[in-house]
1. May I ask you to list the GluC sites (Glu not before Pro) in the stretch 27-75 that are in a DSSP loop and have at most 14 other Cβ atoms within 10 Å of their Cβ?
2. Using a/c under 1.5 as the rounded threshold, could you call the stretch 4-110 rounded, prolate or oblate? The axes a ≥ b ≥ c are square roots of the C-alpha gyration tensor eigenvalues, and prolate needs a/b larger than b/c, oblate otherwise.
3. At 7 Å along the Cα-to-beta-carbon direction for both Asn59 and Glu102, put a label point, then send me their distance in nm to one decimal.
4. Tell me the mean residue ellipticity at 222 nm calculated for the chain from its helices only (DSSP H runs of n ≥ 4, each -39500 (n - 2.57), averaged over every residue, nearest 500).
5. Would you mind calculating the relative contact order of the chain from Cα pairs under 8 angstrom and at least 6 residues apart, reporting the percent as a whole number?
6. Would you mind checking Lys24/Lys104; Lys43/Lys90; Lys22/Lys51; Lys36/Lys69; Lys22/Lys90 for any pair whose Cα atoms are more than 18 angstrom apart?
7. With +1 on each Lys and Arg Cβ and -1 on each Asp and Glu Cβ, and nothing else charged, work out how big the dipole of the stretch 4-110 is about its Cα centre, in Debye to the nearest 20.
8. Tally Lys and Arg at +1 and Asp and Glu at -1 over the other residues with C-beta under 14 Å from the C-beta of Thr33: what net charge comes out?
Amino acid sequence: MNEINELPACPVETTLSLIGDKWKVLILRDLITGTKRFGELKKSIGTVSQKVLTAQLRNMEENGLVHRKVYAEVPPRVEYSLTELGQSLKPILDALQNWGEEYKQNHEKAS
């Protein structure tokens, strides 16, 4: 994780620096319901490349949001889950979902 003195002074900016990327929010959305394998995440998220998904997962792991568990099997099996810190983002994700649903309903009525 970034050093404390490198974090933005604004708490909103700090949060956005950790989860403000479109892919990270979708990864959180998928992991909030439980552990997933890489292929499950890739399939669920859809248009993300393997390289970008790998980089985002590594970054989220470095920041303490995601736990990566590697099983000593052939072929190797890797599972991703949210840490306690990652789980603490659930109210934020719920608020994003609620806002998006409300926006869609109002937008459809206006059309």
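Every number here is computed from the coordinates shown, using simple stated rules; none is lab data. All values derive from a computational prediction rather than experimental measurement. Don't worry about glycine lacking a Cβ; one is built from the backbone with ideal geometry, like all the others, and counts go over all protein chains shown.
1. On the way: sites: Glu40, Glu61, Glu62, Glu73; in loops: Glu73.
Here the sparse-neighbourhood loop sites are Glu73.
2. Working: a/c = 2.12, a/b = 1.32, b/c = 1.60.
Oblate, since a/c reaches 1.5 and b/c is not below a/b.
3. 2.9
4. Working: 6 runs with 65 residues, N = 111.
Calculated mean residue ellipticity at 222 nm is -17500 deg cm²/dmol.
5. Working: 88 pairs, mean separation 28.0, N = 111.
The value is 25 percent.
6. Working: Lys24/Lys104 22 Å; Lys43/Lys90 22 Å; Lys22/Lys51 15 Å; Lys36/Lys69 10 Å; Lys22/Lys90 16 Å.
Lys24/Lys104; Lys43/Lys90, as the Cα separations exceed 18 Å there.
7. With only Lys, Arg, Asp and Glu charged at Cβ, the dipole is about 440 debye.
8. On the way: positive: Arg29, Lys36, Arg37, Lys90; negative: Asp30, Glu40, Glu79, Asp94.
Here the charged neighbours net out to 0.
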